[in-house]
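Below is one structure; the comments refer to it alone.
The values are calculated or read from the model by the stated rules, or taken from the named source; none is laboratory data. This structure is a prediction, so every number in the text was calculated from the model and none was measured. Please note: Cβ atoms are built from the backbone with ideal geometry, for glycine as well, and neighbour counts cover all protein chains shown.
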Amino acid sequence: MKILHVSAECYPIAKVGGLADVVGALPKYQNNLGHPTSVIMPFYDNKFTQTNTFSKIYEATLILGESQFVFNILKTKDKILDFDVFFVDIPELLFKDYVYSADDTNRFLAFQIAVLDWILILKEQPEIIHCHDHHTGLIPFMLQESFKYQSLNKIPVITTIHNAQYQGWFGYDKLHLIPEFDSSKTGLLDWNNTINPLAAAIKCAWRVTTVSPSYMEELKENANGLEALLSHETNKCVGILNGIDTQVWNPETDHYIIKNYNIKTVRSGRQGNKKWLCKQFNLDETKPLFAFIGRLVGEKGVDVFSEVFKNSLEKEDISILVLGSGQAETENELNNLKASFKGKYNAYIGYDERLSHIIYAGADFLLMPSRVEPCGLNQMYALRYGTIPIVRSIGGLKDTVIDINNDGFGLCHNNVNAEEVEYAIQRATLLYNDKTKFKSIRKKIMTIDHSWDVSAKEYINLYQSIY
């Protein structure tokens, strides 16, 4: 099958969150299974586009309401990734130094129209179109209902929900921007008296997937207003757990980390990375090192960190390191803790890809007290590198981390509050001090297979069931 993924993000080209990691890895593994797979995404003004050269393979004009925009389809001149990536270049709308902004309706609607306009003229059209999140949510509707794309409506289209909290809502004043369709079908676009691209995708896609089985079930009870719709469409919904790219995330070959290692050399290798971290951030390498990597937003449960860190650093003989950025109030709170706990706590506000790899390779425990975690990749990276995850049992975290009290390998808690996270840190500290058990678990988790091999096969099976 010839597969085309449509996405706003793709690692390493443009990354805001886990969506980029998925779209940057899944196509490679589908190619490895013998299915020609490619990605199409917006052409942004970023480091990738500034440092590579591109050839123009198609040029046309798209209509967006009363406006017209010249767009190009570009492709890198050199083979950079393990799959083909095509870019939609609309200079006035997409060529920005950001991926998302406050008002993205016109930007991503134009992107989707350009994608379908391009597919219309292809001699070899995709046999599967796989859309990701609300930024591509109108493609299933347009394929099904827009007169212009009737010749494409036999192509199976899949929508994957990476995060249902964001749905791309916009008002009826922009309805005319969508390529012409039978007005009696407007209800397919509507949810709660507004146009909702994610709801439209759920209604019109041939299949709907989420990035973990537990997240699919949770969405039927908490999906930011889409609970009833997902329950109604349950027969075409399936949860497929994300994987990780085990070639990129491999402690034995990772060029980012200070000292490479495998399961036989894990002790010395991880100690080398921990030593570097502790020297860089003025921490004690003899103490258990707890880390957080991610966005500093409410979804990640980080609003409890200030209280948790104060109490834990006062009671426990531990070190804590934070890498992330997000809400200004949380950034300030975490920065301000530095003065009170010098030598025991530090924070890097921002994001650094290399540093994140070194933290996975050097921290003893990874904190993930998420309120929402559709799949979570960080806990899988941590397991691969021998860092024990401390997670709230929700979404993909529930599917991938089993508590040590249940013959598992992680530390789990049920709620997002300071008391439960502090208790999890206490349990982790006791585990760290039980050297035999700690070493045994660290080696065990490095053998767990969360590669894309299994997940890619599940997606292929799904495609084949509707093709």
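State all residues of the stretch 190-217 that are among the hydroxyl-bearing types (Ser, Thr, Tyr), more than 18 Å from PHE108 (Cα to Cα) and assigned to a loop (DSSP other than H, G, I, E, B); if no residue qualifies, say none. Of everything in the stretch 190-217, just one residue is among the hydroxyl-bearing types (Ser, Thr, Tyr), more than 18 Å from PHE108 (Cα to Cα) and assigned to a loop (DSSP other than H, G, I, E, B), namely SER212.
Inspect all residues belonging to the stretch 394-405 and state whether any of them is in contact with a Phe, Trp or Tyr (Cβ under 8 Å, 6 or more places away or on another chain), in a helix (DSSP H, G or I) and surrounded by 23 or more Cβ atoms within 10 Å (Cβ to Cβ). Checking the stretch 394-405: at least one residue is in contact with a Phe, Trp or Tyr (Cβ under 8 Å, 6 or more places away or on another chain), in a helix (DSSP H, G or I) and surrounded by 23 or more Cβ atoms within 10 Å (Cβ to Cβ). Taken over the stretch 428-438, residues that are touching a helix residue (DSSP H, G or I) at 6+ places or on another chain (Cβ under 7 Å) and of a type in the set (D, E, K, R) amount to 1.
Step by step: first the residues of the stretch 25-59, then only those that are within 18 Å of PRO126 (Cβ to Cβ) and of a type in the set (Gly, Ala, Ser), then the one that is nearest to the chain's Cα centre (by Cα). Which residue is that? The residue in question is SER38.
Filtered by the rule that a residue be in contact with a helix residue (DSSP H, G or I) (Cβ under 6 Å, 6 or more places away or on another chain) and aromatic (Phe, Trp, Tyr), the stretch 94-139 gives a lone residue, PHE108. Here TYR58 fits the description: at pLDDT 95 or above and over 19 Å from HIS130 (Cα atoms). Against the test of being of a type in the set (Gly, Ala, Ser), part of a helix (DSSP H, G or I) and assigned by TED's automatic domain parsing to the domain that holds ILE129, the options GLY187, GLY225 yield a single qualifying residue, GLY187. Pairing residues of the stretch 177-202 that are farther than 19 Å from VAL6 by Cα with residues that are part of a strand (DSSP E or B) and among the aliphatic types (A, V, I, L, M), at Cβ distances under 6 Å and at least 6 apart in sequence or on separate chains, gives LEU177/LEU64; LEU189/ILE195.
Checked against the criterion of being part of a strand (DSSP E or B) and in contact (Cβ under 8 Å) with a residue 40 or more places away in the chain, the candidates VAL248, VAL238 yield just one match: VAL238. The residues listed here are GLU180, GLU145; of these, the one that is among the charged types (D, E, K, R), closer than 27 Å to GLU66 by Cα, buried (at least 22 other Cβ atoms within 10 Å of the Cβ) and modelled with pLDDT of 95 or more is GLU145. In the stretch 294-305, the residues that are under 16 Å from GLU422 (Cα atoms) and in contact (Cβ under 8 Å) with a residue 24 or more places away in the chain form Cβ pairs under 8 Å with partners that are charged (D, E, K, R) and part of a helix (DSSP H, G or I), at six or more places apart or across chains, as follows: PHE305/GLU333. In the stretch 241-280, of all residues being over 26 Å from the mean Cα position of the chain (by Cα) and over 18 Å from LYS439 (Cβ atoms), the one that is surrounded by the fewest Cβ atoms within 10 Å (Cβ to Cβ) corresponds to LYS279. From the set of residues in the stretch 331-354 that are in contact with a helix residue (DSSP H, G or I) (Cβ under 9 Å, 6 or more places away or on another chain), part of a helix (DSSP H, G or I) and of a type in the set (A, V, I, L, M, F, W, C), which is nearest to PRO12 (Cα to Cα)? Among those residues, the one meeting the criterion is LEU334. Against the test of being part of a helix (DSSP H, G or I), surrounded by fewer than 20 Cβ atoms within 10 Å (Cβ to Cβ) and of a type outside the set (Lys, Arg), the options LEU116, LEU109, LEU81, LEU120 yield a single qualifying residue, LEU120.
Any chance you could count how many residues in the stretch 281-326 are of a type in the set (Ser, Thr, Tyr), over 20 Å from HIS357 (Cα atoms) and either crowded, with 21+ Cβ neighbours inside 10 Å or over 26 Å from the mean Cα position of the chain (by Cα) (or both)? The number of residues fulfilling the criteria is 2.
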